[in-house]
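Report on one structure; see the data block that follows.
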Amino acid sequence: PSTIYLSDYRVPEFLIDSTSLSFELGEASSIVRSVLELRRNPESDIQDAPLQLHGTELELISLAIDGRRLGDDEWSQSGEQLTIANVPASFSLRCETRIRPQDNTSLEGLYKSSGMFCTQCEAEGFRKITYYLDRPDVMSVFTVEIIADQSRYPVLLSNGNLVATEQLPDGLHKTVWQDPFPKPAYLFALVAGKLSVVEDQFVTLSGRSVDLKIYVEEKDLDKCDHAMLSLKNAMRWDEEVYGREYDLDIFNIVAVDDFNMGAMENKSLNIFNTSCVLAKPETTTDAGFQRVEGVVAHEYFHNWSGNRVTCRDWFQLSLKEGFTVFRDAEFSSDMGSPTVKRVEDVTLLRTAQFAEDAGPMAHPIRPDSFIEISNFYTVTVYEKGAEVVRMIHTLLGPELFRKGSDLYFERHDGQAVTCEDFVLAMEDASGIDLKQFRNWYSQAGTPRLDISGRYDAQAQSYTLTVKQSCPATPGQAEKAPFHIPLALALIGEAGQLPLQLVDAEPNTETADNTELVLSVRQSEQSFVFSNIQEEPVPSLLRGFSAPVKLDFDYSRDQLLRLMRSDSDGFCRWDASQQLGLAEIKRAITAIAAGQEVCPDVEYINACRELLGDTSLDAAMVALMLQLPSEAYLAEIIHPVDVHGIHHAREALRKVLATALREELSACYSRCESDEEYAANAEQIARRSLKNTALSLLMLLNEEQFTALAIKQFENSGNMTDRLAALTYLVNSESNYKAKALQLFYQQWQHEPLVINQWFQVQAMCRLAGTLETVQGLMSHPAFDIRNPNKVRALIGAFCGQNGVNFHREDGAGYRFLADQVLVLNRSNPQIASRLLVPLTKWRKYLPAAQQLMRAELQRVLAEPELSSDVYEVVSKSLQ
Ligand code: HT7
Ligand code: ZN
């Protein structure tokens, strides 16, 4: 497989003004006929180039130019390219191909899922449908005719407006769709199947009525309300916050079972993984409800950030994904609890993204090379990309940011553009210089801020010295300094102190002048605050104002002050995590020395206060009571001793549970409620705290708490509480767990999404023997390795979220993963390469684990027919 470089970008040699497609969908194969109106691109340097179209796994039946059928000597094929040597300046190309969606297990292009036809074209799936200029800077208007058996496929959908329907002989029928907006091929979609529909309407700000339709299998009709409500909320929010209205009279969502990712923003025909659209309280957890809301909004927001303004090339992926993730995060924050949303996002970033940035696949949010673009739909491009947009928002402030986004949409509507165009619009609209800020787009790695503070009582000044650095990443040994927005406050005995900065320009200040954003630009820089009358505790990186690792040598008492009283929810939570981290480190040392784990009393008291303070947001209390995750600890403690970390963390949790037994028990009772389920912030918070308390109490191994979990499992009417109870029982010594798993399966065997949760709970069980359980479940009738949701629930959860079992000392976990990757490499390379990720982090573990992990990677690399997806990940991780 070869590497593609951003620096090799050239404008396309041909443009496609219009695309007409006709699909004849059959049981053994389908015929695709296309008519492309092509012309040479006046902006191309090469005006005599041959026409080169992308195509893969296609059976070519015929080609004709301006009505004349081409002979076999007039075209040639090599790899993914079809070349026609002599073509005029503008012409009509007719092409007929045969494809086999029934045999397409890659879930790219046109494929079948549970008896229905559906497509996934991003990033380069359209070339599996017909020959085309399958690149995002070639935009065309599409007319699509679909012909299929009416009884098997009563619903036939594509992008845009329905312009014709027709009954045909032999039980066939036809629909014709026209999309007036020029679009790249990756936004094309087609669906054909037996689907039921939930309908609603939305009236836009300018008074246009839009038909909203969610297509699902009939049995799922009762699970669409939350997605529909989320869609309407997102449409209103985008009007209010970004001034963006929907632009067609119809917006369709279709749910499919077999899907490689969460969802796809095809113009007016979004295709969703069922897991991201279906929700009802009996089958879906709170997290599931929130995911549906977030993904529905994300795909809807792409209509502007991605579809109306799209990417010039795939190196610019973060242009649409980073911006859209930022938009959906702000939306979710407005719909629920802002601090909780921020803490959740930061947690993901600090575990998965920081790990990626420190590993063999590290890349900037705008990569400069790739072998397989599907490998670059990463937490870096998405989540760090969103953080980069958030930093622009922080540096500009909300009003100027809105001016910038208005300018971006206005300037580039209907175009395929670059990240540079986005930054330029922000600069032009705000007048703020983002020259140095651009380093965030080109440099990989997580910057580190080492900050120290010095109080001069005599001068009544406080000096913060900030040093920044960034570790080397593959291909980038040296890094230029970043422009880092550092939001801060100084906390005194009675609260935040007024800030007067000597000789420097802050960007943003709060109205009361007690919080500001410093622009850190140099490798080392000092900021002096005057008129500071007491030694303050600095509250740094408020709201996690930049995706960096921060080091400030806080004392325990300073952290306790932040944990108890910082007005910034993120910093308050972060202080609790830093205290927890210190306790875990002490526990690791104690256990290694054969001593007992005894945490600091002050830390326990602070946790006790949290449990007793009913004025606090219950969700925040729950988050602050949860010790840093094993995944986060693996980012901090090197080399990673998975088992040492796990045992220390569990021991500490147990000591905490013992010390706080009464408070936890009271908290559980206080949070119990029999009101009707609603997925609102208040109820979600209460359930989260209740289940956090129960998870700790279960560690005590007391009959009364096991009984509580059994009662919760048997009696609760919502999946959040049932699944939480099931999880704690499965991880306990209780001999009820087999019965619980059996009851759960019996009740939900006809709900695939619930069965995925059943697989996941077992795959994530921390007890010994879980690998054998997972291996056994692979032959369970409900498991299907062709379904990505099942693979993620069982294999993905075991290898990615069950450190202590995946990292079994005999290496059986690693061997299991490599075996599964080799199987999936043949059927679904995208899923195979994603699954492989836990093995690629081998360098950070203890030497014995490193050796075993590397051996499995080498075994994968030795496979003769490795897909480009897996090849890229495995070869880079061994370099
Ligand atoms: N833009 C969508 C990307 C996507 C995708 C990419 C590769 C392979 C399969 C895929 N399915 C969807 C999803 C999004 O970010 O909205
Ligand atoms: Zn997206």
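Some observations on this one:
- Per residue solvent-accessible surface (Å²) - region 697-759, probe of 1.4 Å: 45
- A Förster radius of 41 Å combined with the Cβ-Cβ distance from D368 to E676 puts the calculated FRET efficiency at roughly 0.20.
- Accessible area per residue for region 499-628 is 43 Å², calculated with a 1.4 Å probe on protein heavy atoms, without ligands, DNA or RNA.
- Sorting the segments 584-596, 181-193, 25-37, 345-357 by their mean number of nearby beta carbons within 10 angstrom, highest to lowest, gives 181-193, 345-357, 25-37, 584-596.
- FRET efficiency for the pair E57 and V35, taken as 1/(1 + (r/R0)^6) with r the Cβ-Cβ distance and R0 = 22 Å, rounds to 0.50.
- Counting only protein heavy atoms and a 1.4 Å probe, region 206-332 has 24 square angstrom of accessible area per residue.
- Angle in degrees between helix 752-763 and the longest Cα principal axis of the chain, rounded to the nearest 10: 40
- Positive-end residue, the chain charge dipole about Cα centroid, Cβ charges, pick of F422, G796, A477: G796
- Comparing I16, W573, F806 along the charge dipole axis of the chain, the residue lying farthest to the positive side is F806, per the Cβ-charge model.
- Measuring against 26 Å, Cα to Cα, the residue pairs K654/K841; K690/K841; K654/K844; K479/K841; K232/K711 contain K654/K841; K690/K841; K654/K844; K232/K711 as the ones spanning a longer distance.
- Tilt relative to the chain, helix 601-612 - C-alpha long axis, 0 to 90 degrees, to 10: 60
- Highest to lowest packing among 781-787, 865-871, 70-76, scored as the average C-beta count within 10 Å: 865-871, 781-787, 70-76
- The chain - percent relative contact order, Cα under 8 Å, separation 6 or more: 8
- The alpha carbon centroids of region 402-449 and region 265-299 are separated by 30 Å.
- When you restrict to C-alpha pairs under 8 Å that are six or more residues apart and normalise by the size of region 474-627, the relative contact order lands at 19 percent.
- Apolar share of the accessible surface for the chain: 48 percent from carbon plus sulfur atoms, 1.4 Å probe.
- Around the amide H of V256, modelled in the peptide plane, lie the amide H atoms of F272, N273, T274, all under 5 Å away and 5 or more residues distant in sequence or on another chain.
- Cut-off 20 Å (backbone N to label point 7 Å along Cα→Cβ of V502), residues of region 517-538: 517-522, 524-538
- Structure-based [θ]222 nm, the chain - -39500 (n - 2.57) summed over DSSP H runs of at least 4, per residue, nearest 500: -12000 deg cm²/dmol
- Residues whose amide H comes within less than 5 Å of that of Y845, counting only those at least five positions distant or on another chain, are V640 (H built at 1.01 Å from N in the peptide plane).
- Maximal additional length on extending the H643-S92 stretch stands at 191.9 nm, based on 0.36 nm per residue less the C-alpha distance.
- For the peptides 80-91, 267-278, 708-719, 371-382, residues were scored by their other Cβ atoms within 10 Å and the scores averaged per peptide; the highest-first order is 267-278, 371-382, 708-719, 80-91.
- Put a dot 7 Å past the Cα of R766, heading toward its Cβ, do the same for R208, and the two dots end up 5.3 nm apart.
- Applied to region 817-830, the Karplus parametrisation 6.51 cos²θ - 1.76 cosθ + 1.60 on θ = phi - 60° returns per-residue 3J(HN,Hα) values of 5, 4, 4, 5, 4, 5, 5, 6, 3, 7, 8, 8, x, 4 Hz, with x for Gly and Pro.
- FRET efficiency, D66 to Q178 (Cβ-Cβ, R0 22 Å, nearest 0.05): 0.40
- Reach of K790 by Cα under 14 Å, taken over aspartates and glutamates that are not fewer than 8 positions away in the same chain: D257, D258, E751
- The amide H of C311, built 1.01 Å from its N in the peptide plane, has V417 as neighbours under 5 Å, considering only residues 5 or more places off or on other chains.
- The residue among L729, T143, T97 whose Cα reaches farthest toward the positive pole of the charge dipole of the chain, with charges on the beta-carbon of Lys, Arg, Asp and Glu, is L729.
- Rounded to the nearest 20 debye, the dipole size of region 370-471 about its Cα centre is 420 debye, using +1 on the Cβ of Lys and Arg and -1 on the Cβ of Asp and Glu.
- Computed from Cα atoms, the angle from the helix 847-861 axis to the main principal axis of the chain rounds to 0 degrees.
- The charge dipole of the chain, taken about the Cα centre with unit charges on the Cβ atoms of Lys, Arg (+1) and Asp, Glu (-1), comes to about 1520 debye, rounded to the nearest 20.
The values are calculated or read from the model by the stated rules, or taken from the named source; none is laboratory data. Remember, it's a predicted structure, so these values are computed and weren't measured experimentally. Note that each Cβ is placed from the backbone with ideal geometry, even for glycine, and that neighbours are counted across all protein chains shown. Calculation scope for accessible area: heavy atoms of the full protein, side chains included, ligands and nucleic acids excluded. Shrake-Rupley method; radii C 1.70, N 1.55, O 1.52, S 1.80 Å.
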